[in-house]
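The values are calculated or read from the model by the stated rules, or taken from the named source; none is laboratory data. From a predicted model like this one, the values you see are computed outputs, not experimental measurements. Cβ placement follows ideal geometry from the backbone for every residue including glycine, while neighbour counts extend to all protein chains displayed.
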Amino acid sequence: MRFISWNIDSLNAALTAESARATLSRDVLNTIIEYEADVIALQETKLASTGPTKKHLKILKEMFPNYEVVWNSSVEPARKGYAGTMFLYKEDLKPSVSFPTIDAPDTMDSEGRIITLEFENFYLTQVYTPNAGDGLNRLEERQEWDIKYADYLAKLDREKYVIATGDFNVAHKEIDLAHPKNNIQSAGFTQEERQGFTNLLARGFTDTFRYIHGDVEGVYSWWAQRAKTSKVNNSGWRIDYWLVSDRIADKVIKSEMVDSGPRQDHAPILLEIDL
């Protein structure tokens, strides 16, 4: 099976806007189409609480004609048009869909951050992990989220194999970002967030990119938009992951980044697995 995950940073912009960045986003979507993935996971959709509009759904149906669409949007008391996730999956797959809450702090459970697809032999779940925030103002809540999310994945893993993907908002080790020494206290590379990810893997999960590629350096999934030369200079971070239950790690065929061209921000990530 072939899966793709991408933090799209505004589905509406990617589908309907005319800016230069929106054009680059559509180019990435067109690249994703070519892979004919069984399932596509999207994070940071930034949709209204009611989800995609009729126009959005029409465009998605034109671009992905043989896919079903499910979404989880931010609802009150959380901020509007914030976070959010979406799955597109091939019509013949027919998984059961759930929108889990994990007793997370603050408004995190209302921010549309998790969707889980249940198949006969495995779960496929995606997450948009909360950012620790400017000045690390949400770091304490983020640490609590990490514990609750690890508990949730471990619970699924007791029932069936788990494949988990998304923007985890953490570069796990120094080789997962270009300038580790400059970012020790940056959101996404604090000791607390890195330890949270270590603890998650210790619950029985494998980082498939490292499983396949070992300690390769200089391969990233995100380049800051604020720094105009971040992509050109490959000054990036690897914060998007495909994780699998340890016991199916040997079934992974590919785990790699999808070329997103000159577009800064996130690149899609690909997983191929023989289940």
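Looking at segment 262-275, I want the residues that are free of Cβ contacts under 8 Å to residues at least 60 places away in the same chain and have a partner that is buried (at least 20 other Cβ atoms within 10 Å of the Cβ) with Cβ atoms under 6 Å, at least 6 apart or on another chain. Which pairs are those? Partner pairs satisfying both residue conditions: 264/223; 264/231. Selection of strands (runs of 3 or more DSSP E) fully inside segment 17-106 by the criterion of at least 1 residues being of a type in the set (Asp, Glu) returns 67-72.
Note on segment 81-96: residues that are touching a strand residue (DSSP E or B) at 6+ places or on another chain (Cβ under 8 Å) and farther than 18 Å from residue 4 by Cβ total 2. For residue 117, the conditions (1) touching a residue at least 60 places away in the same chain (Cβ under 8 Å); (2) under 24 Å from residue 265 (Cβ atoms); (3) among the hydrophobic types (A, V, I, L, M, F, W, C); (4) touching a strand residue (DSSP E or B) at 6+ places or on another chain (Cβ under 9 Å) all hold with the exception of (2).
Residues in segment 10-27 that are under 20 Å from residue 167 (Cβ atoms), in contact (Cβ under 8 Å) with a residue 40 or more places away in the chain and touching a helix residue (DSSP H, G or I) at 6+ places or on another chain (Cβ under 8 Å): 11, 12, 15, 21, 25. Has segment 107-122 got any residue that is crowded, with 17+ Cβ neighbours inside 10 Å, in a loop (DSSP other than H, G, I, E, B) and in contact with a helix residue (DSSP H, G or I) (Cβ under 6 Å, 6 or more places away or on another chain)? No, there is no match, as no residue in segment 107-122 is crowded, with 17+ Cβ neighbours inside 10 Å, in a loop (DSSP other than H, G, I, E, B) and in contact with a helix residue (DSSP H, G or I) (Cβ under 6 Å, 6 or more places away or on another chain). Among the residues of segment 224-275, those that are more than 15 Å from the chain's Cα centre (by Cα), of a type in the set (A, V, I, L, M, F, W, C) and surrounded by 15 or more Cβ atoms within 10 Å (Cβ to Cβ) comprise 248, 249, 252, 273.
Residue by residue, here is whether (1) under 19 Å from residue 113 (Cβ atoms); (2) modelled with pLDDT under 95; (3) touching a Ser or Thr at 6+ places or on another chain (Cβ under 6 Å); (4) among the aliphatic types (A, V, I, L, M) holds:
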site: 9; (1), (2), (3), (4): yes, no, no, no
site: 12; (1), (2), (3), (4): yes, no, no, no
site: 26; (1), (2), (3), (4): no, no, no, no
site: 34; (1), (2), (3), (4): no, no, no, no
site: 41; (1), (2), (3), (4): yes, no, yes, yes
site: 48; (1), (2), (3), (4): yes, no, no, yes
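Looking across 136, 200, 153, one residue alone is farther than 30 Å from residue 275 by Cβ and either modelled with pLDDT of 95 or more or touching a helix residue (DSSP H, G or I) at 6+ places or on another chain (Cβ under 7 Å) (or both). It is 136. Inclusion of residue 105 among residues that are under 29 Å from residue 160 (Cβ atoms) and more than 19 Å from the chain's Cα centre (by Cα) is warranted.
Within segment 39-55, residues that are under 24 Å from residue 92 (Cβ atoms) and free of Cβ contacts under 8 Å to residues at least 24 places away in the same chain have Cβ atoms under 6 Å from residues that are part of a loop (DSSP other than H, G, I, E, B) and of a type in the set (Gly, Ala, Ser) in these pairs: 51/73, counting only partners at least 6 apart in sequence or on another chain. Applying the set (1) surrounded by 19 or more Cβ atoms within 10 Å (Cβ to Cβ); (2) β-branched (Val, Ile, Thr); (3) part of a helix (DSSP H, G or I) to residue 163 leaves exactly one unmet item: (3). Among the residues of this structure, residue 207 counts as one that is surrounded by 18 or more Cβ atoms within 10 Å (Cβ to Cβ) and either hydroxyl-bearing (Ser, Thr, Tyr) or at pLDDT 95 or above (or both). Whether a residue is closer than 23 Å to residue 87 by Cα and of a type outside the set (Phe, Trp, Tyr) was assessed, and residue 165 passes this test. Checking the structure you have, find out if any residue of segment 143-164 is within 23 Å of residue 270 (Cα to Cα) and of a type in the set (Asp, Glu). Looking for residues that are within 23 Å of residue 270 (Cα to Cα) and of a type in the set (Asp, Glu), one finds at least one in segment 143-164, hence yes. For segment 234-244, state whether one or more residues are at pLDDT below 95 and in contact with a strand residue (DSSP E or B) (Cβ under 8 Å, 6 or more places away or on another chain). Within segment 234-244, not a single residue is at pLDDT below 95 and in contact with a strand residue (DSSP E or B) (Cβ under 8 Å, 6 or more places away or on another chain).
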